[in-house]
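The values are calculated or read from the model by the stated rules, or taken from the named source; none is laboratory data. Predicted model, so just to flag it, every value in this text is computed and none were measured. So basically every Cβ, Gly included, is an ideal-geometry build from the backbone, and we count neighbours across all protein chains shown.
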Amino acid sequence: MDETKKGFMQNIGDLSFKKIDEVNFEYSIKILENFLNTGGIAHGGFIATIADTGMGNAAHITAGNKRCVTINLDIKFISAGKLNEKLVGKVKVLKKTKSLVFISSEIFGAEKIVATASGTWKIL
């Protein structure tokens, strides 16, 4: 089974991820109805989950495919994600040390930035 579809991640669905180069990665997903909040826009927890997952995958690859865990995650919600909109996360690895990976991400909707995120991952 695909590692990204196990456990909690099987609730997220079709989150795609790709490596662009050594420090740039990209993830994307379509906003489905079950990802909406009661206001009819993408739930903040959903946005946080895809940011954490996208950046966590980048940390894992950057760390030589070693397991990594999130130490901190900072998110700024800028605009609303709408039903059926494709979200694309642009990830940049800022720095890697022996034990940590520092990463930032911008999440874009069809015509606007939806959120920014940054965090630190511990290499296990």
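Yes/no matrix, rows are residues, columns are (1) at pLDDT 95 or above; (2) surrounded by 14 or more Cβ atoms within 10 Å (Cβ to Cβ):
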| position | (1), (2) |
| --- | --- |
| Asn11 | no, no |
| Leu15 | no, yes |
| Lys19 | yes, yes |
| Ser28 | yes, yes |
| Asn34 | no, no |
| Asn37 | yes, no |
| Gly44 | yes, no |
| Gly64 | yes, no |
| Ile75 | yes, yes |
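Name the single residue, out of those in the stretch 77-107 being of a type in the set (Gly, Ala, Ser) and in a loop (DSSP other than H, G, I, E, B), that is surrounded by the fewest Cβ atoms within 10 Å (Cβ to Cβ).
Here is the first cut: in the stretch 77-107, the ones of a type in the set (Gly, Ala, Ser) are 79-81, 89, 99, 104-105.
Retained after the next criterion (residues that are in a loop (DSSP other than H, G, I, E, B)): 79-81, 99.
Numbers: Ser79: 14, Ala80: 16, Gly81: 26, Ser99: 11.
So the residue we want is Ser99.
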Those residues of the stretch 91-117 which are closer than 24 Å to Asn37 by Cβ and touching a Gly at 6+ places or on another chain (Cβ under 9 Å) amount to Ser105, Glu106, Ile107, Phe108, Gly109, Val114, Ala115, Ala117
When (1) among the acidic types (Asp, Glu); (2) within 21 Å of Phe8 (Cα to Cα); (3) outside any strand (DSSP E or B) are applied to Glu26, the one that fails is (3)
Condition check: out of contact with any Ser or Thr (no Cβ under 6 Å at 6 or more places or on another chain), of a type in the set (Val, Ile, Thr), surrounded by 15 or more Cβ atoms within 10 Å (Cβ to Cβ) and in contact (Cβ under 8 Å) with a residue 12 or more places away in the chain. Does Ile113 satisfy that?
no
Q.
Just checking, does the stretch 45-67 include any residue being in contact (Cβ under 8 Å) with a residue 60 or more places away in the chain and assigned to a strand (DSSP E or B)?
A. no
Going through (1) aromatic (Phe, Trp, Tyr); (2) under 20 Å from Leu124 (Cα atoms); (3) touching a helix residue (DSSP H, G or I) at 6+ places or on another chain (Cβ under 8 Å) one by one, Phe102 fails only at (3)
Contact list, first residue from the stretch 91-102 and over 13 Å from Cys68 (Cβ atoms), second anywhere and surrounded by fewer than 15 Cβ atoms within 10 Å (Cβ to Cβ) and hydrophobic (A, V, I, L, M, F, W, C), beta-carbon distance below 9 Å, six or more apart or interchain, is Val91/Ile20
Exercise. Determine whether the stretch 18-41 contains at least one residue that is farther than 21 Å from Ile113 by Cβ, within 14 Å of the chain's Cα centre (by Cα) and without any contact (Cβ under 8 Å) to a residue 60 or more places away in the chain.
Key: yes
